[in-house]
Amino acid sequence: MTLKPWCGAIFMIGLGVAGHVRAADDGSDAAGKAEMCKHTLCQHDVRVTLKTKDGGTYDHTFDVLPGTVQPFGLAIIAGQALNLEADVTGDTVSNFRAVAVVTHPEKTLTASLEQSPKGDMILSLHNPFDRPLKFDMGIMPLDNDKVLATSSCPIKAGMSSFEMWPGALFQVLLTKPRFVGTTGKAMNCD
């Protein structure tokens, strides 16, 4: 993956109608990064280390990246393990908040994106709620600056789910969180 120059602006990558931000990190635009952090809770000193498909290693520390919680949903960066509290209103899950410590397990989703020794990526999600939970998903491969739509399976109530992809992924985006039924097509992976 070649890092793009900062060029005084934030490099935007779209997913559906939402715009997720991934900032290239060469330190040349502190004002642009400060502006980005006015609009999102930024993450600082994020290290991403991945095995590449050619057998090499991608190892980079970003001084600033957009936060996990975005207006469109959630962005999970390779190597992260997160606790995400959320509120439930009817069939809607919203108001996600990243928390360091789980104090409300009944409403805290856990998520991690890790690379296996073989180089595959594994997304682990735990659903704390009493109903199946489904997200739309997008993946950003390490060697591609585009977000690609991917299938996702519902996470059964109180259970964990594991999604796997070949090759290194920089991040997985989770959008449109919603509860689904327990039978028929509602439980399809699509």
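The combined condition, being surrounded by 19 or more Cβ atoms within 10 Å (Cβ to Cβ) and either in contact (Cβ under 8 Å) with a residue 12 or more places away in the chain or in contact with a helix residue (DSSP H, G or I) (Cβ under 7 Å, 6 or more places away or on another chain) (or both), is not fulfilled by Ile122.
Being more than 22 Å from Thr40 (Cβ to Cβ) and not in a strand (DSSP E or B) is a condition met by at least one residue of the stretch 88-98.
For the stretch 141-190, the strands (runs of 3 or more DSSP E) that sit wholly inside it and include 2 or more residues that are in contact with a Leu (Cβ under 6 Å, 6 or more places away or on another chain) are 160-165, 169-179. Residues in the stretch 48-63 that are part of a strand (DSSP E or B), under 23 Å from Pro166 (Cβ atoms) and charged (D, E, K, R): Lys51, Asp59. Could you tell me which residue of the stretch 106-128 is farthest from Leu142 (Cα to Cα), considering only residues that are among the charged types (D, E, K, R) and in contact with a Phe, Trp or Tyr (Cβ under 9 Å, 6 or more places away or on another chain)? Within the stretch 106-128, the match that is farthest from Leu142 (Cα to Cα) is Glu106.
Within the stretch 47-72, take every residue that is under 19 Å from Pro141 (Cβ atoms) and small (Gly, Ala, Ser) and give me the one that is surrounded by the most Cβ atoms within 10 Å (Cβ to Cβ). Checking each candidate, the answer is Gly56. Tallying residues that are assigned to a strand (DSSP E or B) and either closer than 10 Å to Ala111 by Cβ or over 15 Å from the mean Cα position of the chain (by Cα) (or both) within the stretch 65-74 yields 1.
A quick yes/no check of all residues on (1) part of a strand (DSSP E or B); (2) under 28 Å from Lys51 (Cα atoms); (3) at pLDDT 95 or above; (4) acidic (Asp, Glu):
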| site | (1), (2), (3), (4) |
| --- | --- |
| Ile76 | yes, yes, yes, no |
| Asn83 | yes, yes, yes, no |
| Ala86 | yes, no, yes, no |
| Thr103 | no, no, yes, no |
| Ser112 | yes, yes, yes, no |
| Lys118 | no, yes, no, no |
| Leu123 | yes, yes, yes, no |
| Phe129 | no, no, yes, no |
| Met137 | yes, yes, yes, no |
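Among the numbered conditions (1) surrounded by 21 or more Cβ atoms within 10 Å (Cβ to Cβ); (2) touching a Phe, Trp or Tyr at 6+ places or on another chain (Cβ under 6 Å), the only one that Asp91 does not meet is (1). Contact annotation: residue pairs with Cβ atoms under 8 Å, 6 or more positions apart or on different chains, pairing a residue in the stretch 88-106 that is among the basic types (Lys, Arg) with a partner that is outside any loop (DSSP other than H, G, I, E, B) and modelled with pLDDT under 95, are Arg97/Val69.
Within the stretch 143-162, being touching a Ser or Thr at 6+ places or on another chain (Cβ under 7 Å), modelled with pLDDT of 95 or more and of a type outside the set (Val, Ile, Thr) holds for Ser160, Phe162. Just the residues that are free of Cβ contacts under 8 Å to residues at least 60 places away in the same chain, touching a Ser or Thr at 6+ places or on another chain (Cβ under 8 Å) and not aromatic (Phe, Trp, Tyr), please, taken from the stretch 165-190. Answer for the stretch 165-190, where residues must be free of Cβ contacts under 8 Å to residues at least 60 places away in the same chain, touching a Ser or Thr at 6+ places or on another chain (Cβ under 8 Å) and not aromatic (Phe, Trp, Tyr): Cys189, Asp190. Scanning the stretch 72-108 for residues being in contact with a strand residue (DSSP E or B) (Cβ under 7 Å, 6 or more places away or on another chain), of a type in the set (Gly, Ala, Ser) and over 23 Å from His39 (Cβ atoms) gives a total of 3.
The values are calculated or read from the model by the stated rules, or taken from the named source; none is laboratory data. On a predicted model such as this, the values are computed, not experimentally measured, just so you know. Because the Cβ atoms are built from the backbone with ideal geometry, glycine has one as well, and the counts that use them run over all protein chains shown.
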